[in-house]
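The values are calculated or read from the model by the stated rules, or taken from the named source; none is laboratory data. Since this is a predicted model, take the numbers as computed values, not measurements. Reconstructed Cβ throughout: ideal geometry from the backbone, glycine too, with neighbour counts over all protein chains shown.
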Amino acid sequence: MELGERECTGGCCGFLTVVVQRFGEIVQWSDWEVPWAAHTDMPHPPPELHFDASQYDAEVARAEADRWWQVHS
């Protein structure tokens with residue numbers, strides 16, 4: 001599932017990136033990269049998060065089916 005603008009590199013408005021991996025029945029979000037301006041202190045990234053894989057799959061399917069959040073151009 002893609003959330004965000006494909007052509008955005010983060011240089012304009014900033015964005016979060018995260019590595020999503022599946023380990024058996026666990027989905028892990030880790031290695032966050034957070035936007036920050038050069039003249040400010042670097043923010044602390046969110047912590048590593050773990051989700052039950054079956055619940056995660058159900059939520060991804062629900063989000064893919066419900067497109068209210070999608071921007072149309």
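Structure notes:
- Counted residues, segment 1-55 - those being of a type in the set (Val, Ile, Thr), in a loop (DSSP other than H, G, I, E, B) and either surrounded by 10 or more Cβ atoms within 10 Å (Cβ to Cβ) or at pLDDT 95 or above (or both): 1
- Residue pairs whose Cβ atoms lie under 8 Å apart, sitting 6 or more positions apart in sequence or on different chains, and linking a residue in segment 53-68 that is under 17 Å from residue 28 (Cα atoms) to a partner that is aliphatic (A, V, I, L, M), are 53/26; 53/27; 56/27; 60/1.
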